[in-house]
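**Student:** Pasting a structure below so you can have a look.
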Amino acid sequence: MKVLITGSQGFLGKNLMVRLRELKKYDVLEFTRDTNVDKLSGLVAQADFVFHLAGVNRPQNESEFKEGNSDLTAELCRVLRESGKSVPVVYTSSIQAELQNPYGQSKKAAEDHLLALKDLMPVFIYRLPNIFGKWSRPNYNSAVATFCNNIAQGLPISIHNPDAQVTLVYVDDVVTQFLSHLDGTSQAKTYPVVEPTYKATVGDLARQIESFKDSRATLITEPVGTGLVRALHATYLSFLKPEQFAYSVPRYGDNRGVFVEMLKTRDSGQFSFFTAHPGITRGGHYHHSKTEKFLVLKGKARYRFRHIVTKEFYELDVDAEESKIVETIPGWSHDITNIGSDELVVMLWANEIFDRAKPDTVAHEV
């Protein structure tokens, strides 16, 4: 199947093109702002499906709204009609098509041109809110792109009304919805919607994005695994320059080895690692509530445990090749000794961030 994408080098177009190429079953035809409109007829003649993403939303002259939105769409519709083919079309309109402003009026006019084709071919019109995600342009696509870029690069941000509400969709969700039209799983009508959509205030968006930058200093990560925070986090990271990909964390060393904290969470503990020279023992304490998980990454370790009341004793040797997790148990003192001939490296997860005021760590020999 050959898929024509107008606006293929724009923010949404780039994301769609990458996903199509991953599937390895579509030939992508491109129409960009540098393509002469006379080429449109030849591209449509080859196409089995059209994603009409080209448009203008921040022109230098107001007349460009009509040229880049309604006029270009009118020409596409003329070419589609004259092709004699039934080619499904997905069009990216805007929620502003309901408003009486020059941009909204140009998008509504483009919709009307496409609706006139409905008896000849399937037409799907997406009135999208603010789209955000990787490869978006600051000061052009959305406030999210501007905030991510400026915060990542240490530039100031300007917020006129922090309580202003915005509705957002994530570019990956938009692309996934678009692909459903190609694989036959879409049940969309003329005006489908992308889900999920997110609502947030401008101030909350800025604070959330700033917290991503702060996390490199505090080591406390935001809950970036789901929903809006996940999508914002991915978008923020996409604005880092290559020289910003890496950062250092504190490293604490003594004659036993080193201890390095890697990542902390607000409600699920922290991750770190430590080393121990041959023959060195670390630990020698117990916890009332704190729990830990240890994983030997390099070397060979001996874990020793003693119940602080019954004095019951347990000993366990673990080699890195076993990939075995060993847990510390409340009320049991524990230590770990490097019984190998090389440096011991151990990954550690604790269920809570270390609090010097309330460490829940009591010295006790095993």
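**Student:** Name the one entry in ASN149, ASN141 that is within 19 Å of ASN57 (Cβ to Cβ), in contact (Cβ under 8 Å) with a residue 40 or more places away in the chain and out of contact with any strand residue (DSSP E or B) (no Cβ under 9 Å at 6 or more places or on another chain).
**Tutor:** ASN149
Table: residues versus (1) touching a helix residue (DSSP H, G or I) at 6+ places or on another chain (Cβ under 8 Å); (2) at pLDDT 95 or above.
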position: GLU75; (1), (2): yes, yes
position: TYR103; (1), (2): yes, no
position: ASP119; (1), (2): no, no
position: SER136; (1), (2): yes, yes
position: ASN141; (1), (2): yes, no
position: GLN153; (1), (2): no, yes
position: ASN161; (1), (2): yes, yes
position: ALA164; (1), (2): yes, yes
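**Student:** Still on this structure, I have one more. Could you please give the count of residues in segment 326-360 that are loosely packed, with under 15 Cβ neighbours inside 10 Å and hydroxyl-bearing (Ser, Thr, Tyr)?
**Tutor:** 1
Yes/no matrix, rows are residues, columns are (1) assigned to a helix (DSSP H, G or I); (2) farther than 30 Å from SER215 by Cβ; (3) without any contact (Cβ under 8 Å) to a residue 24 or more places away in the chain; (4) not assigned by TED's automatic domain parsing to the domain that holds THR201:
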| position | (1), (2), (3), (4) |
| --- | --- |
| LYS107 | yes, yes, no, yes |
| LYS118 | no, yes, no, yes |
| MET121 | no, yes, no, yes |
| PHE124 | no, yes, no, yes |
| GLY154 | no, no, yes, no |
| SER158 | no, no, yes, no |
| PRO162 | no, no, no, no |
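**Student:** To continue, here is another question. Here are some conditions: (1) touching a Gly at 6+ places or on another chain (Cβ under 8 Å); (2) among the basic types (Lys, Arg); (3) not in a strand (DSSP E or B). ARG230 meets all but one. Which one does it not meet?
**Tutor:** Going through the list (1) touching a Gly at 6+ places or on another chain (Cβ under 8 Å); (2) among the basic types (Lys, Arg); (3) not in a strand (DSSP E or B), ARG230 breaks only (1).
**Student:** Can I ask one more? Just to be sure I understand the filter: pairs with C-beta atoms under 9 Å, separated by 6 or more residues or on different chains, first member in segment 339-350 and within 14 Å of GLY257 (Cβ to Cβ), second member in a loop (DSSP other than H, G, I, E, B) and of a type in the set (A, V, I, L, M, F, W, C). Which pairs pass?
**Tutor:** Short answer, once both residue conditions are applied: LEU344/ILE280.
**Student:** Next question. If only one of GLU261, GLU243 is among the acidic types (Asp, Glu), modelled with pLDDT of 95 or more and buried (at least 16 other Cβ atoms within 10 Å of the Cβ), which one is it?
**Tutor:** GLU261
The values are calculated or read from the model by the stated rules, or taken from the named source; none is laboratory data. What you see is a predicted model; the values in this text were computed from it and never measured. We place every Cβ from the backbone using ideal geometry, glycine too, and count neighbours over all the protein chains shown.
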